[in-house]
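Undergrad: I have a structure I would like to understand better, so I am pasting it below and will then ask my questions one at a time.
The values are calculated or read from the model by the stated rules, or taken from the named source; none is laboratory data. What you see is a predicted model, and the numbers here were worked out from it, not measured in a lab. Using ideal geometry, Cβ is built from the backbone for each residue, glycine included, and neighbour counts are taken over all protein chains shown. What goes into the accessible areas is simple: the full protein's heavy atoms, side chains included, and nothing from ligands, DNA or RNA. Shrake-Rupley method; radii C 1.70, N 1.55, O 1.52, S 1.80 Å.
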Amino acid sequence: MTLSTGSQSLNLVKLALYSIILYAIYKVIQRLFFHPLSRVPGPWYAAVSTLYEFWWDGPKEGKYMFKIEEMHEKYGPIVRINPWEVHIDDPAFMDVLLTNNRMEKDPFFYGGFGIPNAAVSTVSPEVHKLRRGAMAQFFSKANVAKLEPRVLSRIQQLCKRIEEHKKEGKPVDISNAYRCFATDIVTDFAVPKTRNFLDHPTFNAVFNRVVRDTAGVINWNRHIRFLYPLMVNIPRSIVTLLDKDGSTLAMVDNQQDLYDQAKAVVESTNPKPTPTVMDVLFKHPSLPPKEKTLSRMFGEVVTVIGAGTETTGCTLAVLTYYVLSTPSIFRTLKAELDKAAATHNISRTQLLDCHAVEPLPYLQAVMKESLRVASPVVGRLPRRLPGASMTYTTPSGQTYVLPPGTTASMSVRDIHFNRTIFADPHTFKPERWLTKDAAELARLDKHMVAFGKGVRQCLGLELAKQEILLVAANLFWKFDFELFETTARDVSVEFDFFAPFGPSDSKGVRVRVRE
Ligand code: HEM
């Protein structure tokens, strides 16, 4: 290289560098002063780039949720949380955002899941309708009712494991046991390979760690889009070399297993005698071939297993903690269950079924209160409306017009802990759901949005409710539990990985069976 070509290259590098700096300055000025959202309150550093969000959600692990809460405290009910998204903490906006069928999901946020063509992260409402419709029949109340014997047989298995712990005088890792229960159910009827975790000696504590670690990647993958694809494509030998404690390997193996399950669906090598949700989806006549690719099936396998396990497990763990830490709730629930068993002539060796437990008001109230307090989808739910503006008026009368395509989000947890809706929101009070005031009950029900709302609400909610009711009813009827080395900290939320996770050193909720 001659001296002059060397200095020419240097000049080009300098030019490129200056251009980048100038562009960044232009973007900062544009986003702060000339952007349609520049009037929306919030810290300038959140408005100029996604770096602030990335810092608190990635390296600081799922903490942006708490930063957003702080922003609301400082700036009011509407805040700009990244260049194109506003977050609203006001239940009055809930219907606008979550029940409008024309809303799109925000591709930046849901891109974090790494499954862009699964129903849950589908942007377009029309495509979402097609994808969801092809699975919906499986999750209807009528179809879920047919799954009851399979759910009861897993409860029987869970009771047997608890009996074993009782005989050995060992505490039960009930948080992990619930996650195993939910995993076994969903993998049994939805995908080719049933996981059968309930019989695992430690209730598969390692796997539950994998779920948490994999969920933690969502926040990174939102900003660095190749992380999930890398997990499926990276050679195992390289991971083995880099991984010190085996946790990354376990995550990669789990992703690989999900991928293999999707492959079994498209290659029609499902060993099960009855078709699974995935088989029905893959053969669905309303879906064109481009909707039946391996990557599509992979997306739905990941969603159904991911959505159907941690959420139900977390709700049951929270329910168990609050029932056992409040003796009056425990006694009232037990009395109601004893009475139901007597009414329906169900002996101690049998199980309470849906017919016996669904009409129980106190049990239903305990479930609703657990869903409220647990908020098992804790992260924000961002939506955008193409082609039309949204208008938000604060309680103090200030109106913001959000131009077409603006992303707006709300968080279930904010609604569930809003003191104007739920008095004394941080106290676990099943009684609030037993009010005789029909209008008040309707108001509470409207704001119990653990399953989301509208056309994007949880597809598995009937199954989830059936699982929660049957497990809670049978376990509290059959066993006289007490908490073992468990405090409120073990059900607290420290990380928002879309699902809430507690402190890293927590062992979850543990119980012991009294003699
Ligand atoms: C307590 C238990 C559960 C809770 C609280 C819950 C909550 C939610 C929420 C809030 C959403 C909407 C997310 C969004 O708007 O982005 C959702 C979606 C979904 N859930 Fe659940 N879920 C639970 C259990 C289940 C179960 C057991 C299954 C299936 C086996 C399931 C399958 C799904 C699916 C497939 C979607 C995507 C639906 C769509 O986009 O059309 N969930 N869930």
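Undergrad: Report the one residue of GLN457, PRO425, ASN474 whose Cα lies farthest in the direction of the positive end of the charge dipole of the chain (charges on C-beta: Lys and Arg +1, Asp and Glu -1; origin at the Cα centre).
TA: GLN457
Undergrad: Give a quick list of trypsin sites (Lys or Arg not before Pro) in the stretch 224-267 that DSSP marks as loop, anything other than H, G, I, E or B, with at most 15 other Cβ atoms within 10 Å.
TA: Hits after loop and neighbour filter: ARG225, LYS244.
Undergrad: Got a sec to turn the phi values of the stretch 205-213 into Karplus ³J(HN,Hα) couplings, 6.51 cos²θ - 1.76 cosθ + 1.60 with θ = phi - 60°, whole Hz, x for Gly and Pro?
TA: Running phi through 6.51 cos²θ - 1.76 cosθ + 1.60 with θ = phi - 60° gives 4, 5, 5, 5, 5, 4, 4, 5, 4 Hz.
Undergrad: Okay, moving on. Find the centroid of the Cα atoms in the stretch 404-466 and in the stretch 156-204, then give the distance between the two in whole Å.
TA: About 29 Å separates the Cα centre of the stretch 404-466 from the one of the stretch 156-204.
Undergrad: Over the chain, what lengths in whole Å, largest first, do the semi-axes of the equivalent ellipsoid take, defined as the square roots of 5 times the eigenvalues of the alpha-carbon gyration tensor?
TA: Details: eigenvalues 338, 166, 104 Å².
They are 41, 29, 23 Å, listed largest first.
Undergrad: On to the next question. Rolling a 1.4 angstrom probe over the protein chains, ignoring ligands and nucleic acids, what is the accessible area of LYS290 in square angstrom, nearest 10?
TA: 150 Å²
Undergrad: Students sometimes get this wrong: rank LYS141, LYS429 by accessible area, probe 1.4 Å, all chains present, largest first.
TA: Descending order: LYS141, LYS429.
Undergrad: What angle do you read, to the nearest 10 degrees and between 0 and 90, between the alpha-carbon axis of helix 461-478 and the longest principal axis of the chain?
TA: With both axes taken from Cα atoms, the answer is about 40 degrees.
Undergrad: Considering amide H positions built from the backbone, and no H for Pro or chain starts, which residues 5 or more places from THR407, or on another chain, come under 5 Å of its amide H?
TA: VAL86
Undergrad: Give me the accessible area per residue for the stretch 69-200, probe 1.4 Å, as a whole number in Å².
TA: 39 Å²
Undergrad: Right, next: Per residue of the stretch 110-126, what does 6.51 cos²θ - 1.76 cosθ + 1.60 with θ = phi - 60° give for ³J(HN,Hα)? Whole Hz please, x for Gly and Pro, Karplus curve as stated.
TA: Using θ = phi - 60°, the values come out as 6, x, x, 5, x, 9, x, 9, 7, 3, 4, 10, 5, 6, 6, x, 5 Hz.
Undergrad: Quote the charge dipole size of the chain about the Cα centre in Debye, to the nearest 20; the model charges only the Cβ of Lys and Arg (+1) and of Asp and Glu (-1).
TA: The dipole magnitude comes to about 740 debye.
Undergrad: Just list whichever of LYS60/LYS429; LYS27/LYS105; LYS368/LYS507; LYS27/LYS74 have alpha carbons separated by over 30 Å in the model shown.
TA: Check vs 30 Å cut-off fails for LYS60/LYS429.
Undergrad: Please arrange HIS223, HIS87 by accessible surface area, largest first, computed with a 1.4 Å probe and ligands excluded. Don't skip to the answer; put the middle values down first.
TA: Values: HIS223 50, HIS87 0 Å².
Ranked list, largest accessible area first: HIS223, HIS87.
Undergrad: Still on this structure: Which of the aspartates and glutamates could be linked to LYS272 by a straight reach, that is with a Cα gap under 13 Å, when you skip same-chain ones fewer than 8 residues away?
TA: ASP188
Undergrad: Quick one: angle between helix 174-190 and the longest Cα principal axis of the chain, in degrees between 0 and 90, rounded to 10, please.
TA: 80 degrees
Undergrad: Turning to a different aspect of this structure: Given the whole protein assembly as supplied and a 1.4 Å probe, what does the accessible area of ARG209 come to in Å², nearest 10?
TA: Surface open to solvent at ARG209 totals about 100 Å².
Undergrad: Go ahead and estimate [θ] at 222 nm for the chain from helices alone: -39,500 (n - 2.57) per DSSP H run with n ≥ 4, summed, over the residue count, rounded to 500.
TA: After summing the helix terms and dividing by the residues of the chain, the value is -16500 deg cm²/dmol.
Undergrad: Report the one residue of LEU249, SER506, MET231 whose Cα lies farthest in the direction of the positive end of the charge dipole of the chain (charges on C-beta: Lys and Arg +1, Asp and Glu -1; origin at the Cα centre).
TA: Farthest towards the positive pole: MET231.
Undergrad: Then there is this: Using alpha-carbon pairs under 8 Å, 6+ residues apart, how would you state the relative contact order of the stretch 1-139 in percent?
TA: Numbers: 104 pairs, mean separation 20.6, N = 139.
About 15 percent, as a whole number.
Undergrad: Shifting gears a bit: Find how many whole Å separate the alpha carbon centroid of the stretch 19-57 from the alpha carbon centroid of the stretch 123-137.
TA: Result: 35 Å between the Cα centres.
Undergrad: Could you sort GLU70, GLU104 by accessible area so the largest value comes first, with the probe set to 1.4 Å? Could you put the intermediate results ahead of the total?
TA: Numbers: GLU70 95, GLU104 30 Å².
These residues rank, largest area first, as GLU70, GLU104.
Undergrad: Another question about this same structure. Could you check how much of the accessible area of the stretch 1-124 is carbon and sulfur, as a whole percent, using a 1.4 Å probe? Before the final figure, lay out the partial values.
TA: Working: 4380 of 6530 Å².
That share works out to 67 percent.
Undergrad: With every protein chain left in place, what is the accessible area per residue of the stretch 269-397 in square angstrom, probe 1.4 Å?
TA: Values: 5100 Å² over 129 residues.
It amounts to 40 Å² per residue over the stretch 269-397.
Undergrad: Mind pulling the angle between the C-alpha long axis of helix 361-374 and the longest principal axis of the chain? Nearest 10 degrees, somewhere in 0 to 90.
TA: Helix 361-374 sits roughly 30 degrees off the main axis of the chain.
Undergrad: Considering the options HIS200, TRP55, VAL373, tell which one lies farthest towards the positive end of the dipole of the chain, charges being +1 on Lys and Arg and -1 on Asp and Glu at the Cβ, about the Cα centre.
TA: Selected residue: TRP55.
Undergrad: When all protein chains stay in place, what accessible area (Å², nearest 10, 1.4 Å probe) is found for LYS339?
TA: 150 Å²
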